[in-house]
Amino acid sequence: MNMNKLIIVMLSAVLLLAACGKAESRQHDGQQATPTGSHADDSQKAEGGHDMEHGEHKESGIGEQSANIEVDWRFSPEQPQASTNAVVSLKVMDGQGKPIQSFDLNHEKKMHLIMVSKDLSYFDHIHPEYKGDGQFEVETSFPAGGDYKLVADFIPTGQSAATITTWVKVQGKAFPQAAITPDSKLEKTVDGYTAVLSADSLKAGSESMLTFRISDAASAKPVDDLEPYLGAVGHVVIMSEDTEQYLHVHPMNESSTGPAAQFMTTFPKAGVYKIWGQFQHQGKVFVVPFVVKVS
Ligand SMILES: [Cu+2]
């Protein structure tokens, strides 16, 4: 379980487009053309919603023109302890077990690693450092015992985006499992900011525009000077409550500075999803979580 090898089918371009819309492909092009500071580690915490079963992650399954990617996950210590630093290492290989050498920068990073607790109440988004020879590494800590899903998101040069996942069991006292209940009101206040989310369509298989409006919680004044975070006005990560569906969405207009940030995505199937919006203001990143029901 600590060095389980996972062979996953890469997300096809079809899914990528479905998930991210046109803004996503434009974004990728832009990133490749103008790489910015590659792999510094920055991380930020959020809080969140919920989820359920383990199970094999069959990623998407829509990958016709996909290549096989294999990731060897290792944890040090092998069984991470709650609230104690642990190193996560990932070795990215092709279908023949040969290390993949080159990765495209995507939003300033060669790899994005999303970590969520099984009930989606914990969310973190960090950036493993590329050590060469297919090897990525990052130090992190988990807040409590229990099962966590890790999602590595990267683009081997010349290939389409890959999303590879694993589960890790963290030793220590677990938090009580939170229920994942759709929010009755899509408004959250976090770290002094209020975010209101509006979604124009929450229908599986059709495009949904997610609009976040950010204001100062104390003054209610709209925040119109959001700062770029990883090269865009915001980032959105979405996971289904069973953690099987994962979407990483980039904004329609990356250079927006707020107060609105718009993201176009397509929910692959009906169900309950947790959405984390990540924004930066005055040098600090904050994360606003929402739970929605997609019909
Ligand atoms: Cu990232």
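The values are calculated or read from the model by the stated rules, or taken from the named source; none is laboratory data. Everything quoted here is computed from the prediction, not taken from an experiment. FYI the Cβ positions are ideal-geometry reconstructions off the backbone, even for glycines, and counts take in every protein chain you see. These accessible areas exclude ligands, DNA and RNA; they are computed on the full protein's heavy atoms, side chains included. Shrake-Rupley method; radii C 1.70, N 1.55, O 1.52, S 1.80 Å.
Here A179 clears all of (1) in contact with a strand residue (DSSP E or B) (Cβ under 9 Å, 6 or more places away or on another chain); (2) in contact (Cβ under 8 Å) with a residue 24 or more places away in the chain except the condition numbered (1). Within segment 111-150, the residues that satisfy the criterion of being within 15 Å of the chain's Cα centre (by Cα) and open to solvent by 20 Å² or more (accessible area, probe 1.4 Å) are K118, S121, Y122. Applying the set (1) modelled with pLDDT under 95; (2) in contact with a Gly (Cβ under 9 Å, 6 or more places away or on another chain) to Q171 leaves exactly one unmet item: (1).
Listed here are the residues, each with its yes/no results for (1) in contact (Cβ under 8 Å) with a residue 24 or more places away in the chain; (2) away from the ligand (no atom under 16 Å from the Cβ); (3) more than 16 Å from Y148 (Cβ to Cβ).
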residue: V87; (1), (2), (3): yes, yes, no
residue: K91; (1), (2), (3): yes, yes, yes
residue: Q96; (1), (2), (3): no, yes, yes
residue: N106; (1), (2), (3): yes, no, yes
residue: K109; (1), (2), (3): yes, no, yes
residue: S117; (1), (2), (3): yes, yes, no
residue: E129; (1), (2), (3): yes, no, yes
residue: D133; (1), (2), (3): yes, yes, yes
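Within segment 131-188, the set of residues being among the polar types (S, T, N, Q) and more than 11 Å from V92 (Cα to Cα) comprises T140, S141, T157, Q159, S160, T163, T165, T166, Q171, Q177, T181, S184. Of all residues in segment 232-288, those that are more than 14 Å from the ligand (Cβ to nearest atom), free of Cβ contacts under 8 Å to residues at least 60 places away in the same chain, out of contact with any Lys or Arg (no Cβ under 9 Å at 6 or more places or on another chain) and not in a strand (DSSP E or B) total 6.
When E108 is tested against (1) over 25 Å from E244 (Cβ atoms); (2) at pLDDT 95 or above, just one condition goes unmet, and that condition is (2).
Test A179 against the stated conditions and say whether it is in a strand (DSSP E or B), within 18 Å of V288 (Cα to Cα) and more than 17 Å from the chain's Cα centre (by Cα). No. Can you find even one residue in segment 192-200 that is free of Cβ contacts under 8 Å to residues at least 12 places away in the same chain, over 16 Å from G277 (Cα atoms) and either outside any loop (DSSP other than H, G, I, E, B) or open to solvent by 40 Å² or more (accessible area, probe 1.4 Å) (or both)? Yes, that holds for at least one residue. Restricting attention to segment 151-161, the residues that are more than 16 Å from the ligand (Cβ to nearest atom), assigned to a loop (DSSP other than H, G, I, E, B) and within 19 Å of the chain's Cα centre (by Cα) add up to 1.
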